[in-house]
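Just below is one structure, and these are the notes that go with it.
The values are calculated or read from the model by the stated rules, or taken from the named source; none is laboratory data. In this text the structure is predicted, and so the values were computed from the model without any measurement. For neighbour counting, all protein chains shown are included, and Cβ atoms are generated from backbone atoms with ideal geometry for every residue, glycine included. Only protein heavy atoms, including side chains, enter the accessible area calculation; ligands, DNA and RNA are left aside. Shrake-Rupley method; radii C 1.70, N 1.55, O 1.52, S 1.80 Å.
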Amino acid sequence: MTEQEQQLLDYFRTLSQQDTHALLRYAAFLAGSEAATTKDTIGQADTVEQQTDTEIPQPQFIKRPENERVVDALKRLSNSYPMLEKKTLLDKASGLVAQHIMFGKPAKDVIDEIEKLFADAYDAYVKEAGRA
């Protein structure tokens, strides 16, 4: 077992049952997103070539459910912004998720920040596409 794996296991053992379930859902989401990101990257060159002379894709907003969980918000926002590179966003969002899971920051506050992260990334995407 690597040092990181041991550290993760040590953290896991200190969590409440609810937090262990949240951490497992988040880990499953990240593992699934990595596979999706790899698939997206493979097809990305064709997509970029096709979009050169077309409109900038608009987000497909999905309504935020009441009492949404943080991991579910990540899935919702990933689906709302399919044009954005997920790996970079998930790397940035992981710190916010950790604040919720490990330090008890309210889910609503974390989701608000993640929504802003995605919106800012989309704004940067639009700016970059406008320069191309």
Inset, instruction - Residue by residue through the range 75-97, note down the ones that are assigned to a loop (DSSP other than H, G, I, E, B) and either open to solvent by 50 Å² or more (accessible area, probe 1.4 Å) or free of Cβ contacts under 8 Å to residues at least 24 places away in the same chain (or both). - result: Pro82, Glu85
Legend entry - Selected residue (only one of Asp46, Asp72, Asp40 is open to solvent by 60 Å² or more (accessible area, probe 1.4 Å), part of a helix (DSSP H, G or I) and at pLDDT 75 or above): Asp72
Legend entry - Of residues in the range 97-114 being under 10 Å from Ala73 (Cβ atoms) and aliphatic (A, V, I, L, M), the one modelled with the lowest pLDDT: Val97
Inset, instruction - Tell me, yes or no, whether the range 14-21 has at least one residue that is over 27 Å from Val126 (Cβ atoms), assigned to a helix (DSSP H, G or I) and modelled with pLDDT of 80 or more. - result: yes
Inset, instruction - Specify the residue that is nearest to Glu68 (Cα to Cα); the eligible residues are those in the range 101-128 that are in contact with a helix residue (DSSP H, G or I) (Cβ under 8 Å, 6 or more places away or on another chain) and β-branched (Val, Ile, Thr). - result: Ile111
Legend entry - Hits in the range 98-123 - residues which are buried (at least 18 other Cβ atoms within 10 Å of the Cβ) and either basic (Lys, Arg) or over 23 Å from Gln60 (Cα atoms) (or both): His100, Ile101
